[in-house]
Amino acid sequence: MDQQELKAYVLKLINDEMDSSRYSKNYKAEINRHVRQFYEWTVKAGLQDFTQLTKTELLSYAQWVTRQESKNALGGKLSISTMNNMLYAVKYIYSMLYHQGFIKENPVHGLDYKIKNGKKTNRVPLTQQQMYDFLEAIDISTEYGLRNRALFELIYSSGLRVSEAANLKIADIDFDRREAIVRGKFDRDRVVPLSHMAKDFLALYLRERITNVEQFVFTDIRTKATDKPLKSMRISRIFREYLRKFGMDNHRISAHSIRHSTATHLLDNGASIRHVQELLGHKNIETTVRYTHVQTESLAKIYRKYHPREHEL
């Protein structure tokens, strides 16, 4: 088996492993991209036999990863999660080589092969008023604006991940019942309700396309390609552009903050944490509990302001 055949075989093994673990389509695509990127790096670095790489060379790759620039419109360094996924792809490669007997030792073993985020940004939700102001400020007089209003109304309505909204097909929406089937992480599908507002804007945006059930709901208006979904990264950029336009830009707010806002506002208005867990598609309730910290902070402020013992000398 030559190098190219072995690389293809290892990639197949990685995909088989991810399929058995029921990883999402987007995650599998990202790991595939990073595996190929690593293969390209070895060739450019003059390392013809990738099975013979040592810890020193793998550390060199990690350093190369940290120097890469993001290709999105905002530029800057790659995100911590992207860099770690690039390195995780390398772990996959050498784990497969080791378990299949192509190498006697796994060079990744013993390496501190993870990039730590020393300045972790805690994402915050928008308040109910901020969410209202944001949605109402979107100009729906254009096809572009109407699509984006429907998109962000949907995410806020049903607490969707950006990737879940991106991959939604028209067939997944039941307009009569105001429900949608969401293809979640690790292939965990769930049914979520739609608000009246989300349903109305979706119907207005889709118009005659509403019967083309196999098409993606949110597509790139410029290309008119209905067989390809609007990419998650593009949705995040659109959200950031609106924040800047509306004077709401904050490094602690991202497109994911809309989902965070949904959870927080439901809890604020009396929803049980179990119901919120089911809506968001969290496997473990501990993940949902993280959304309660805003409530806890708010309660603490009210307590300190009004409890009589807080003001005793």
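What does the charge add up to near L194, with Lys and Arg as +1, Asp and Glu as -1, over the other residues with Cβ less than 12 Å from its Cβ?
My count for the surroundings of L194 gives -3.
Probe radius 1.4 Å, ligands and nucleic acids left out: which of D139, D49, D227 has the largest accessible area, and how do the rest follow?
Numbers: D139 85, D49 60, D227 110 Å².
Result of the area sort, largest leading: D227, D139, D49.
Taking the Cβ of I140 as the centre, find all other residues whose Cβ is under 12 Å away and add up their charges (Lys, Arg: +1; Asp, Glu: -1).
Numbers: positive: R147, R149; negative: E136, D139, E143, E153, D200.
That sum, taken over residues with Cβ under 12 Å, equals -3.
With viscosity set to 0.692 mPa s at 37 °C, what whole-number translational diffusion coefficient in µm²/s follows for the stretch 10-166 from Stokes-Einstein and a Kirkwood radius over Cα pairs?
Answer, rounded: 175 µm²/s.
How far, in degrees from 0 to 90, does helix 232-245 lean away from the longest principal axis of the Cα atoms of the chain, to the nearest 10?
50
Rounded to the nearest 10 Å², what accessible area does S157 have for a 1.4 Å probe in the complete protein model?
Number for this one is 30 Å².
How large is the dipole of the stretch 1-103 about the Cα centre if only Lys and Arg carry +1 and Asp and Glu carry -1, each at its Cβ, rounded to the nearest 20 debye?
Value, rounded to 20: 380 debye.
Quick one: grab the alpha carbon gyration tensor of the stretch 174-262, order the square roots of its eigenvalues as a ≥ b ≥ c, and give me rounded if a/c is under 1.5, else prolate or oblate depending on whether a/b is larger than b/c. Write out the running numbers ahead of the final one.
Numbers: a/c = 1.63, a/b = 1.35, b/c = 1.20.
Prolate, because a/c is 1.5 or more and a/b exceeds b/c.
Tell me, what HN-Hα J-couplings in whole Hz come from the Karplus equation 6.51 cos²θ - 1.76 cosθ + 1.60 at θ = phi - 60° for each residue of the stretch 200-211, using x for Gly and Pro?
3J(HN,Hα) across the stretch 200-211, in whole Hz: 5, 6, 4, 5, 5, 6, 6, 6, 5, 6, 4, 8.
For the stretch 119-178 and the stretch 192-216, what is the separation of their Cα centres, given in Å?
12
Calculate the translational D of the stretch 185-237 in whole µm² s⁻¹ from Stokes-Einstein, where the hydrodynamic radius comes from the Kirkwood formula applied to all Cα pairs, the temperature is 20 °C and the viscosity 1.002 mPa s.
Diffusion coefficient, whole number: 165 µm²/s.
Hey, what angle do you get for helix 293-306 against the long axis of the chain, alpha-carbon based, 0 to 90 degrees rounded to 10?
Roughly 40 degrees between the two axes.
Can you order the peptides 60-66, 257-263 by their average number of other Cβ atoms within 10 Å per residue, highest first?
Ranked by mean Cβ neighbours within 10 Å, highest first: 257-263, 60-66.
Which of L58, L126, L151 moves the most in a Gaussian network model of the chain with Cα springs under 10 Å?
Answer for the Gaussian network model of the chain: L58.
Give me the 1.4 Å probe accessible area per residue for the chain, excluding ligands and nucleic acids, in Å². Don't jump to the answer; show the numbers that get you there.
Details: 18150 Å² over 313 residues.
Result: 58 Å² per residue.
Please find, in a Gaussian network model of the chain (springs between Cα atoms separated by less than 10 Å), the residue of L194, L154, L135 whose mean-square fluctuation is greatest.
Comparing L194, L154, L135 in a Gaussian network model of the chain, the most mobile one is L135.
Taking only Cα atoms and a 10 Å spring cutoff, compute GNM fluctuations for the chain and point out the largest among G145, G247, G281.
G247
Place +1 on the Cβ of every Lys and Arg and -1 on the Cβ of every Asp and Glu in the chain, take the dipole about the Cα centre, and give the residue among M83, I155, L230 whose Cα lies farthest towards its positive end.
Toward the positive end, the furthest listed residue is M83.
In the neighborhood of G110, defined by Cβ-to-Cβ distances under 14 Å, what is the net charge if each Lys or Arg adds +1 and each Asp or Glu adds -1?
Counting the neighbours of G110, the net charge comes to +1.
How far is helix 25-44 tilted, in degrees, relative to the longest principal axis of the Cα atoms in the chain, given as a value from 0 to 90 rounded to the nearest 10?
Long axis of 25-44 versus the principal axis of the chain: about 40 degrees.
Where does the Debye-calculated log10 I(q)/I(0) of the stretch 133-217 sit at q = 0.13, 0.26 Å⁻¹, using only Cα point scatterers of equal weight, no solvent?
Treating every Cα as an identical point scatterer, log10 I(q)/I(0) equals -0.37, -1.45.
Counting only protein heavy atoms, what percent of the accessible surface of the stretch 57-179 is carbon or sulfur at a 1.4 Å probe? Let's see the in-between values first.
Details: 2970 of 6420 Å².
Solvent-exposed carbon and sulfur of the stretch 57-179 make up 46 percent of the total.
Evaluated at 20 °C with a viscosity of 1.002 mPa s, what Stokes-Einstein diffusion coefficient in µm²/s does the stretch 1-85 have when Rh comes from the Kirkwood expression over alpha-carbon pairs?
For the chosen part, D equals 149 µm²/s.
Keeping all protein chains in the complex and leaving out DNA, RNA and ligands, what accessible area do you get for E69 with a 1.4 Å probe, in Å² to the nearest 10?
Around 110 Å² of this residue is reachable by solvent.
Determine the alpha carbon to alpha carbon distance for each of K12/K91; K71/K245; K44/K114; K25/K114; K28/K114; K116/K228 and list only those over 25 Å.
Too far apart for the 25 Å limit: K116/K228.
The values are calculated or read from the model by the stated rules, or taken from the named source; none is laboratory data. Keep in mind it's a predicted model, so treat the numbers as computed, not measured. Reconstructed Cβ throughout: ideal geometry from the backbone, glycine too, with neighbour counts over all protein chains shown. Note: areas computed on protein heavy atoms with side chains; ligands, DNA, RNA excluded. Shrake-Rupley method; radii C 1.70, N 1.55, O 1.52, S 1.80 Å.
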